[in-house]
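Worksheet: one structure, shown below.
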Amino acid sequence: MGTVTGAVPKQARSRVTRRHLLEAAVSCLAEHGWAGSTVAVVAERAGVSRGAAQHHFPTRESLFTAAVEYVSEERSTALRELFQTTPAPRPRAAVVEALVDLYTGALFRAALQLWVAASNEEQLRPQVVELEARVGRETHRIAVELLGADESLPGVRETVQGLLDMARGLGLANVLTDDTARRARVVAQWSRLIDAALG
């Protein structure tokens, strides 16, 4: 019985350590890029030993793909929670703005660094391609749900996908300079277009 009781705190500590490593990995990737983000650097930022980091993530690739996936899931959850208090039909302008916000910030910068690294790193590419496909499908599902879009109608699926592609483009524009003012105008126009397209 004593062993089982002792195992629970150990498992809890293990989960906390894993979460700290994932959060530190995303921060490092966003700030220093792939070249400057090593397991040792991440472990130091997370406040754990390199050995502990490698216990959770045996390779650098597994650490960084897991980190981007973790934060993507966190953002998806936050996006859903943001709208749980607002009954449908939700104001589409708020949904468009929230979707665009997914692509501005540390998560997107980290993901972008991962994509660039994957284009040159054979070991990393399959994991990143699979991760991006999964994240893309989930984001699309959330967008459809929040917009109240009926994908059985012609062109609706492509309209939602176009919105997400536009949001990614705005995220890219924001990487080099603060694009807030222009982004606000584009989001307002896209909100009008989405309303007209979805009825």
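The values are calculated or read from the model by the stated rules, or taken from the named source; none is laboratory data. Computed from a prediction, not measured in an experiment: that's the story for all the values here. Counting neighbours? That spans all protein chains shown, and the Cβs are built from the backbone with ideal geometry, glycine included.
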Of the residues that make up the range 105-126, is at least one at pLDDT 80 or above, part of a helix (DSSP H, G or I), touching a Ser or Thr at 6+ places or on another chain (Cβ under 9 Å) and more than 22 Å from Glu31 (Cβ to Cβ)?
-> yes
Pairs, first over 17 Å from Ser27 (Cβ atoms) and in contact (Cβ under 8 Å) with a residue 12 or more places away in the chain in the range 60-78, second polar (S, T, N, Q) and assigned to a helix (DSSP H, G or I), C-beta under 9 Å, six or more apart | Glu61/Gln127; Ser62/Gln127; Ser76/Thr139
Is one or more of the residues making up the range 45-62 in a helix (DSSP H, G or I), among the β-branched types (Val, Ile, Thr) and touching a helix residue (DSSP H, G or I) at 6+ places or on another chain (Cβ under 7 Å)?
-> no
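Residue by residue, here is whether (1) within 24 Å of Val186 (Cβ to Cβ); (2) among the aliphatic types (A, V, I, L, M); (3) out of contact with any Lys or Arg (no Cβ under 6 Å at 6 or more places or on another chain) holds:
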{"site": "Leu114", "(1), (2), (3)": "no, yes, yes"}
{"site": "Pro126", "(1), (2), (3)": "no, no, yes"}
{"site": "Arg141", "(1), (2), (3)": "yes, no, yes"}
{"site": "Glu145", "(1), (2), (3)": "yes, no, yes"}
{"site": "Gly148", "(1), (2), (3)": "yes, no, yes"}
{"site": "Gly162", "(1), (2), (3)": "yes, no, yes"}
{"site": "Gly169", "(1), (2), (3)": "yes, no, yes"}
Inspect the range 103-113 for any residue being in contact (Cβ under 8 Å) with a residue 60 or more places away in the chain and more than 29 Å from Ala181 (Cβ to Cβ) and give the result as yes or no.
-> no
Being under 21 Å from Asn120 (Cβ atoms), modelled with pLDDT of 90 or more and either of a type in the set (Val, Ile, Thr) or assigned to a helix (DSSP H, G or I) (or both) narrows Val41, Val26 down to just Val41
Search the range 169-182 for residues being crowded, with 17+ Cβ neighbours inside 10 Å and more than 11 Å from Val96 (Cβ to Cβ), and hand back the single one that is farthest from the chain's Cα centre (by Cα).
-> Asn174
Among Ala43, Ala53, Ala24, the single one that is crowded, with 16+ Cβ neighbours inside 10 Å, within 13 Å of Ala106 (Cβ to Cβ) and aliphatic (A, V, I, L, M) is Ala24
